[in-house]
Number of protein chains: 2
Amino acid sequence: MSRHRGKLLRDLPDATGGEIAEELLCDGDMRIERIVSAGQSSPAGFWYDQATSEWVMVLRGRAGLELEGEDAILEMGPGDWIDLPAHCRHRIAWTAEDEPTVWLAVHRSAPLTPSLPGV
Amino acid sequence: MSRHRGKLLRDLPDATGGEIAEELLCDGDMRIERIVSAGQSSPAGFWYDQATSEWVMVLRGRAGLELEGEDAILEMGPGDWIDLPAHCRHRIAWTAEDEPTVWLAVHRSAPLTPSLPGV
């Protein structure tokens, strides 16, 4: 019986060349991944508009999430999560530049999160 | 459009009277919950034998997980995760007594995790 396991906060990859997404589990319609950011943000004017839903949490670091229709940028730190239903347009306003930001993303029937280029 | 969100590590409930599981999201076959433990462990000889699969991670605190067929107890701290396929028999050997242990559990088609009584 497979007992797949890991340590999400150990041996973080260097994401300064671009965000790094790694799949932890894929089972049917569900996919769990770790994403490591290093100061990246979405390009100006770019919005994610995903066909499927994503539950996402920050495990380490900090990030600012911009949600269409909301004036304030949602600042997220360790333990903070949000569910982004399909077609909930959003963008990454910023991620911490002084330490890695580690995300956990749980996708429902979603393709891999597009990675942002290096900064 | 619903943008359900929260802070998993804030305002932790007092679990000394028994583990506390709270549902964060339920969508189709998937359910995400936070579980707060305070020194609880599975009763002697008790094994979880769940009909469905569970991906679980420790966010804060520490816990020891016993897996049927493995001699060593798996010690888990922040960021450590394991996927428990359906009928992967396991039990909680211990959880930290000096601070709350916070778990994130992602269930595939599972009922609420049974809570352990207080210690």
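Here, each number is a calculation from the coordinates, and none is a lab measurement. All figures in this text were calculated on a predicted structure; none of them were measured in a lab. When we count neighbours, we look across all protein chains shown, and the Cβ atoms used for this are built from the backbone with ideal geometry, even at glycine.
Among the chymotrypsin sites (Phe, Trp or Tyr not before Pro) in segment B:37-119, those placed in a DSSP loop whose Cβ has at most 15 other Cβ atoms within 10 Å are B:Phe46, B:Trp47.
Stokes-Einstein diffusion coefficient for chain A at 37 °C in a medium of 0.692 mPa s, Rh from the Kirkwood formula over Cα pairs: what value in µm²/s?
225 µm²/s
Within 10 Å of each Cβ of A:4-11, how many other protein chain Cβ atoms are there on average?
6
Once you keep just the Cα pairs under 8 angstrom separated by 6 or more residues, what percentage relative contact order results for chain A? Before the final figure, lay out the partial values.
Numbers: 282 pairs, mean separation 42.9, N = 119.
Relative contact order, chain A: 36 percent.
Loop-located GluC sites (Glu not before Pro) in segment B:1-74 (DSSP state not H, G, I, E or B) with no more than 15 neighbouring Cβ atoms inside 10 Å: B:Glu68, B:Glu70. In a Debye calculation with equal point scatterers on the alpha-carbon sites of the protein assembly as shown and no solvent, what is log10 I(q)/I(0) at q = 0.14 Å⁻¹? Summing over Cα pairs of the protein assembly as shown leads to -0.91.
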